[in-house]
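Please read the structure below before turning to the comments.
The values are calculated or read from the model by the stated rules, or taken from the named source; none is laboratory data. Keep in mind the model is a prediction, meaning the values are calculated, not measured. We place every Cβ from the backbone using ideal geometry, glycine too, and count neighbours over all the protein chains shown. The accessibility values were calculated without ligands, DNA or RNA, using every heavy atom of the protein model including side chains. Shrake-Rupley method; radii C 1.70, N 1.55, O 1.52, S 1.80 Å.
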Amino acid sequence: MKVLVIGGGGREHALAWKLAQDEGVQQVFVAPGNAGTARDPALTNLDITDKAALRAWAQAEGVALTVVGPEAPLAAGVVDEFRAHSLPIFGPTKAAAQLESSKAFSKAFMQRHGIPTARYQTFTDPAAAHAYVQAEGAPIVIKADGLAAGKGVVVAMTLAEAHEAIDFMLLDNTLGVAHNEGGARVVIEEFLVGEEASFIVLCDGEHALALATSQDHKRLQDADQGPNTGGMGAYSPAPVVTPEVHERAMNEVILPTLRGMKADGIPYTGFLYAGLMITPDGKVKTLEFNCRMGDPETQPIMMRLRSHLTQTLLSATRGELDRVTLEWDPRIALGVVLAAAGYPLNPRKGDAITGLPADDASRMVFHAGTTGQGGAIQVSGGRVLCVTALADTMVQARQRAYEVVDAIHFDGMQCRRDIGYRAL
């Protein structure tokens, strides 16, 4: 069978890499892909991004399954387009994808359906937002209501940072947010104390199947310093997600979300990522929803997955996830992101990348912001690569990943040296 993966980042490289290993998969196309998917003989890049053109191509090629990686095509309605022509596709509809594309929609949904989350207010008027922050004090969290490629959240530890974030999001749009209808809007939330974890499930509208637990590192610099990013590394499994936390996440967050979406007339299918705050007393609160797998969490998770991903996702498109079980490699997978100079606000493009190793089953370099130019590979985005390794212990996984990191070079390369420290 032929499989299509929509997207061009590290998450899509990892998904395509895993799908290509499945028995019965003849060819995996990645639209548009990157330099990493281009150099993998099992994958074929496809230079089409328009949703109608992609749908027409998939029809003509007889594609058996399409998997949507990033948020932008989901928010643009690519799933609706494919379903209107009876093409199997895994992802939420445009209406359901509002759980990610609109923080205001998501927070109101959680409040309406009793899903635990932080106290919040929504603002379009900068003066009112500034007054609210001044009254509430810091630390406080400012979120852009729109797609921002993982950079639309500012955890302001001081009032000055909070006021600056409001201006960035409502006046200057320095973060490049894709505003929703009605223009710029921010959600301002109380600051929650605890440890964050990524809880990612597959959904078919009725049922949810949890993937392996994972935890990422959002801040740019070691010891969780510096600005928030889309993620500087991740590992799986995440010890902070104990069996008790796992049960609470399913029963208090995931299943009520599926029931609530169905009750609201927009059943949810696709990957669902709940960013959770696990409080010191073991309770969970929902920080955010993403309507896709996390990046860089996907890379370690795919390294550990032993089951047939293609058949699992096809079962999901048929509403049969309750018949599926997943098998996981018991080893630990850890991924280190290498980011461009100037990331996250002003990533520099065009720097040449050298030192890339040959991939193997236990040590992969997944590409994100890369492009091929005349046989050379260059930086083309903020997060450039994710070096991911499997090993029996966290210490060994870190050592194996950083051995590869230390061999790779591009000018201005940024990476954290402490990925996985929370689990040690």
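Of all residues in region 401-424, those that are surrounded by fewer than 18 Cβ atoms within 10 Å (Cβ to Cβ) and not aliphatic (A, V, I, L, M) total 10.
Within region 370-424, the residues that satisfy the criterion of being within 21 Å of T354 (Cα to Cα), among the β-branched types (V, I, T) and either in contact (Cβ under 8 Å) with a residue 40 or more places away in the chain or in contact with a Cys (Cβ under 6 Å, 6 or more places away or on another chain) (or both) are T370, T371, I377, V384, V387, T388, V404, V405, I408.
Residue under question is V78, and the condition is that it be more than 26 Å from G230 (Cβ to Cβ) and open to solvent by less than 30 Å² (accessible area, probe 1.4 Å); does it hold? So V78 fails the test. I'd like to check something: does region 322-344 contain any residue that is over 23 Å from the mean Cα position of the chain (by Cα), of a type in the set (G, A, S), at pLDDT 95 or above and open to solvent by 10 Å² or more (accessible area, probe 1.4 Å)? Taking every residue of region 322-344 in turn, none turns out to be over 23 Å from the mean Cα position of the chain (by Cα), of a type in the set (G, A, S), at pLDDT 95 or above and open to solvent by 10 Å² or more (accessible area, probe 1.4 Å).
Yes/no matrix, rows are residues, columns are (1) under 30 Å from L54 (Cα atoms); (2) modelled with pLDDT under 95:
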position	(1), (2)
A76	yes, yes
S86	yes, no
R112	no, no
R119	no, yes
T124	no, yes
H130	no, no
A148	yes, yes
D172	no, yes
L175	yes, yes
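May I ask you to list the residues in region 338-365 that are touching an Asp or Glu at 6+ places or on another chain (Cβ under 9 Å) and not in a loop (DSSP other than H, G, I, E, B)? Listed by number, the residues that qualify are A352, R363, V365.
Could you tell me whether M364 is under 30 Å from V3 (Cα atoms), touching a residue at least 40 places away in the same chain (Cβ under 8 Å) and either in contact with a helix residue (DSSP H, G or I) (Cβ under 8 Å, 6 or more places away or on another chain) or crowded, with 22+ Cβ neighbours inside 10 Å (or both)? Give the derivation first.
Values: under 30 Å from V3 (Cα atoms): yes; touching a residue at least 40 places away in the same chain (Cβ under 8 Å): yes; either in contact with a helix residue (DSSP H, G or I) (Cβ under 8 Å, 6 or more places away or on another chain) or crowded, with 22+ Cβ neighbours inside 10 Å (or both): yes.
For M364, the condition - under 30 Å from V3 (Cα atoms), touching a residue at least 40 places away in the same chain (Cβ under 8 Å) and either in contact with a helix residue (DSSP H, G or I) (Cβ under 8 Å, 6 or more places away or on another chain) or crowded, with 22+ Cβ neighbours inside 10 Å (or both) - is met.
Scanning region 81-95 for residues that are open to solvent by less than 30 Å² (accessible area, probe 1.4 Å) and on the phi < 0 side of the Ramachandran plot yields a count of 6. Scan region 261-270 and give yes if some residue there is under 19 Å from V153 (Cβ atoms) and within 16 Å of the chain's Cα centre (by Cα), otherwise no. No, because not a single residue in region 261-270 is under 19 Å from V153 (Cβ atoms) and within 16 Å of the chain's Cα centre (by Cα).
Within region 111-145, being closer than 26 Å to K283 by Cβ, outside any loop (DSSP other than H, G, I, E, B) and without any contact (Cβ under 8 Å) to a residue 40 or more places away in the chain holds for one residue alone: Q111.
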